[in-house]
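Working notes for the structure below.
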Amino acid sequence: KMRVFWLVGGCFAVMVALLLSWQLVSPLVWDRYEVSIDADSGYPIESTGQCTSKNSAAFAGSCSAFVGLLLIYALYLSWTTRHYPSEFAESTYIAASVFYLLQLLVLGGPILVIAWENNSTFYIVLALVLFLASLGITALIFLPKVLANRNRSQAAILRGVQD
């Protein structure tokens, strides 16, 4: 139990250190740009803005690389435990979750790059990718457990009816 605790705690500490160093070295700053200005009054009619940082690509890349390494480690653990009985290990479903995330990133990443210029489209696609990632992983981890429990309950009911 302690080994898992230290592993998860270490991964959490590395991610916190990456995000904290990003915030301290190159924090995100809101920049607003005036799109159109009223000719009579000189006041802005329309503006747009976004958070920017000098080194955001480097920090986002390092966070993504760390998460990628964790996904590769999860695949390794799934591979090493593939012959364990499914009552004790769900390596098949964990590997399917990692593969699902990879597919989602391969398909969602380019779509996000294409939608970058249009803010509303970008945020809709981003929200869908995040929603599908959360839903898919949750379904792949918990649905087999729910179905197995349901099948055991139905088998117990059938045994009781047959007796």
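The values are calculated or read from the model by the stated rules, or taken from the named source; none is laboratory data. Not measured: the values here are computed from a predicted model. Cβ coordinates were reconstructed from backbone atoms using ideal geometry, including for glycine residues, and neighbour counts include every protein chain displayed. Remember, those area values only see protein heavy atoms, side chains included, never the ligands or the DNA or RNA. Shrake-Rupley method; radii C 1.70, N 1.55, O 1.52, S 1.80 Å.
Project the alpha carbons of segment 55-127 onto their principal axes and report the range along each, largest first, in whole Å.
Each principal axis gives a Cα extent; for segment 55-127 these are 49, 25, 14 Å.
Jot down the radius of gyration and Dmax of segment 11-94, Cα atoms only, both in angstrom.
Just the Cα atoms of segment 11-94 yield Rg and Dmax of 22.7, 76 Å.
Give me, ordered by chain and number, the residues 5 or more places off Ile37 or on other chains with an amide H under 5 Å from its own placed amide H.
Ile45
Using a Gaussian network model of the chain with C-alpha springs under 10 Å, which one of Gly49, Gly68, Gly136 is most mobile by mean-square fluctuation?
Comparing Gly49, Gly68, Gly136 in a Gaussian network model of the chain, the most mobile one is Gly49.
Lys/Arg Cβ at +1, Asp/Glu Cβ at -1, dipole of the chain taken about the Cα centre: which of Gly61, Val113, Pro85 is farthest positive-ward?
Of the options given, the answer is Pro85.
In the chain, carbon and sulfur make up what percent of the accessible area (probe 1.4 Å)?
70 percent
In the chain, if every C-alpha pair distance is counted and binned at 5 Å from zero, what percent goes to each bin?
Using 5 Å bins, I get a P(r) of 1, 7, 9, 12, 15, 14, 11, 8, 7, 5, 4, 3, 2, 1, 1, 0, 0, 0 for the chain.
Per residue of segment 69-78, what does 6.51 cos²θ - 1.76 cosθ + 1.60 with θ = phi - 60° give for ³J(HN,Hα)? Whole Hz please, x for Gly and Pro, Karplus curve as stated.
Those phi angles translate into 4, 5, 5, 5, 5, 5, 5, 4, 5, 5 Hz.
With a 10 Å cut-off between alpha carbons and a GNM built on the chain, which of Tyr33, Tyr84, Tyr76 moves the most?
Tyr33
For segment 19-98, build the charge dipole from Cβ charges (+1 Lys, Arg; -1 Asp, Glu) around the Cα centre, then report which of Cys51, Ile94, Ser36 sits farthest towards its positive end.
Highest projection toward the positive end goes to Ile94.
Mind checking the angle between helix 2-25 and the chain's longest principal axis? C-alpha axes, 0 to 90 degrees, to the nearest 10.
Helix 2-25 sits roughly 10 degrees off the main axis of the chain.
Over the chain, give the accessible area per residue in Å² for a 1.4 Å probe, as an integer.
I get 78 Å² per residue for the chain.
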